[in-house]
Each structure stands twice: as structure tokens, then as C-alpha cells.
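What follows draws every value from the coordinates through simple rules; no lab data is involved. Because the structure is predicted, anything quoted here is derived from the model rather than measured. As a convention, Cβ positions derive from the backbone with ideal geometry for all residues, glycine included, and neighbour counts pool all protein chains shown.
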Amino acid sequence: MKFFNSGYILSNKRHGWIDYDRGISIILVTYRHCFESLERSGVNLNQYPFLEYINVYLSGFRMPLFFIASGIFVSRSLQKRGLPAYINNRVKTILYPLLVWGVIQISLQIFFSAYTNSEMNAKSFLYLIIDPRRTGQFWYLNALFCVGVLYSFCKIKLHLKLGHQLILGSILYVILNIVRSHHINLGFAMDILQYYVFFALGDAVSQFMMNTEKAKYFSSWKLFIPLFIVFLIVQYFFTKLNLQNGDTYFVEHDMPYFFLLVAVIGCAFSICISFTMSKFNIWPFIRVVGYHSVHIYCVQIIAISIVRLFLVKVAGVSDALLLTLIVWPAAIFICMVVYNTCLRLNMWWLFSLKYPEEELNYIAQNKKSVIQSKSILKNQTNIK
């Protein structure tokens, strides 16, 4: 774990629960992308029906959770930095890696089209901006950037209060479902319409969650147990409806208000788990994974494809369960290795235009400490 700067991450004064929360989300997202990659490549997933059940059961709240988590910090960031600096930071940390890794991934998919299950072409580079759903996972970074910029603009320039933002988010969500009912595709705007309300919800609960005393309620068993029961029930019906209709997006697209309920309850339960894990420092590696969530999101499809191709084409593995159990964690691990290797090679600019001063200082200090320890050990050996 030292290679992943775990000491820096776990000792950081940031709110630990947010890393746990993002860790849970990115682990579930990677599972979905792993499942879809295996399915598109022709792996017989039907031999293990529970793999699809898990994929659907945990799909209702994964992406809304990212937007709520981001919305929690918007007011504090705007108060600290101001609107221009906030937008500039979003460009450096969200839009930039979207463009860099989007171009890298699409280029690889075009070049290795004979070995992959994607159908990318030259137009796909443009789709990264105007219709990112066509490019795979990069729609999330596009939406996160656009929603954050639009929300902050409305807050600062249009002076919309929190209540107004929630109403606006609700109106946009209604518009989205009217548009979908007429089978109209508005490209990148579709995700803005859908996720603006979740970003506003994050801002709405931020004061409560950023208050140390009030936030303790989220790690209380009085909340955890009833929320867990409600979560199980709601997710059961969500999964049942999707599977019965043979579409993992059935509830999201055809029962949007039930989906909203599923997402809110799922997010609340995930946040509750995150606070509990942070309180008792349970499985700290999940927090380390959460810290790398954006890096994993950028590289995961490439990593999944590499591991899958090696196992299927070279190692001859065909069992769906075995492939899932290897590809899923291996992809997460590879993404983290890629990012931390880039840091050590001074190639951090592949992931952000924001100079990671604290991380690089930690690496330098750790390296210096190791050299000093080796020197002391060598001197002691020579004395003996």
C-alpha cells in the first residue's frame, strides 16, 4: 500500500468518509464495466445468473452518489476560491483528464478494433464533448464538469438560493423525462438534466454533513438498521423490474420518479456505511481506492480490456466467474499503479493540470527517509 501513498492519504485531514464513499462507488462502477466488457466479448455470463443480479441490484445509486458527493463541497469551494478559480479548478481536474484519457482510449480502440468489442471512429473524439454517452464511461466526467459549472454560475451570478437550486434541479429532471418519453436525444445535455438535482441535494446536506457533531448521526445504528431494511426492499423491487423487462435502464428511463427514490435511499445508505467505516477505520484500502476514484475512472476500460484479452486469448480462461473475480480487482489495481507510476516519473500532467505538490512532497520525503534508513543500516553493518 506504500506505493499508493497510503500514508499520505490515510493521514490527510480531509473528511475520511468521502474517500470511503468514493471508494465504494468506484468499486461498484468498475464491476459494472467489467460485467459489460465480458458480456460484449461473448463470455457466457448466463452460467452464473447472480453476476447479472448483482450488477443490476447495485446500479441504481452508483452514479448519483458521485454527484451528491461533489455537490457537498461546492459552497465551501466557491466561498474559498470564488467562481473563476472554482471553474478553473474544474477544468484542470475534470475536463482535462476527460479529454486526455478520452483521446487515448478512443485512439487505442480504433487502432486495436480487431481485438476489442468497441465501434469507435474519428467522430468519437467529437462525441467526447457533444454526446459523451457514445464514448463509454466518459459521459460522467463531462456531466460532472458541466453540472458543477452551471450550478456554481447560477449560485454566484444569478444569486439562486439553495431552495431555488433544488426547484431548478427538479424541473430539469421532469424535462428530462418528457424528452425521453418522446425518444429525443439532446447529447450531453441529457446528463445535465438528470444529475443537476443530485448535485443540488449534495449542497443541501453539506452543512449537516460537514458539521462534526451532527455528522456522527450517520454512523449511528439508529439510522443504519432502518435504512438498511428500506434499502434492501427498494433495491429488490428495482432489480426485479429491470430484470423482468430485460433492461438494466428500465426503471431509470421508464419509471424515473421511482428511480429517484431508489437513488436517494441508496446514496443515503452508502454514505451511512462510509461514515461508519471511517469512524472505525474499517478496510482502509477502500479509502485509498476512493482517493484514486477519478484516476481509476479514466483508465479502467483500458485496464479491463487488457486483463480480459490476456486471460481469454493468452491464458485460455473462459469461466465467467473466474474472469470476473480476476478482471474486476486487477483493473482497479492497474489503474492505481498507472497513476502512481506517472507521479514518480513526473508525468502527473496525464491526469491533471493541477500540480500535486503535497503528494510529490510526500513521495520525496518518503524516498529520502528510505535512503537514510539504508545508509544507517549499511553503517551499522560496516561497524560490526
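Annotations
- If you take all other residues with their beta carbon under 10 Å from the beta carbon of I68, and give Lys and Arg +1 and Asp and Glu -1, the sum is -2.
- Simple point charges give the picture: +1 on the Cβ of Lys and Arg, -1 on the Cβ of Asp and Glu, and for the chain a dipole about the Cα centre of about 1500 debye.
- Stretchable slack from N185 to F310, in nm (0.36 nm times residue separation minus alpha-carbon distance): 41.3 nm
- Sorting H295, H183, H15, H253 by the number of Cβ atoms found within 10 Å of their own Cβ, with the fewest placed first, yields H183, H253, H15, H295.
- Span from the region 2-22 Cα centroid across to the region 283-362 one, whole angstrom: 17
- Region 211-244 and region 101-146 have Cα centres separated by 34 Å.
- Cα-based shape type of region 120-245, given that a ≥ b ≥ c are square roots of the gyration tensor eigenvalues and the cut on a/c is 1.5: oblate
- Pairs beyond 18 Å (Cα-Cα), from K123/K354; K80/K155; K216/K279: K123/K354
- Positive-pole candidate from F237, I130, L360, dipole of the chain, charges at beta carbon: L360
- Computed from the C-beta positions of Y53 and L223, the FRET efficiency with R₀ = 22 Å rounds to 0.25.
- Neighbour-count ranking [beta-carbon atoms within 10 angstrom, fewest first] of C342, C272: C342, C272
- Order of T116, T341 - criterion: other Cβ atoms within 10 Å of each residue's Cβ, fewest first: T341, T116
- Positive minus negative residues near Y195 (Lys, Arg vs Asp, Glu; Cβ under 15 Å): +1
- Set of lysines near K367 by C-alpha distance (under 20 Å), chain-local residues within fewer than 8 positions excluded: K2, K378
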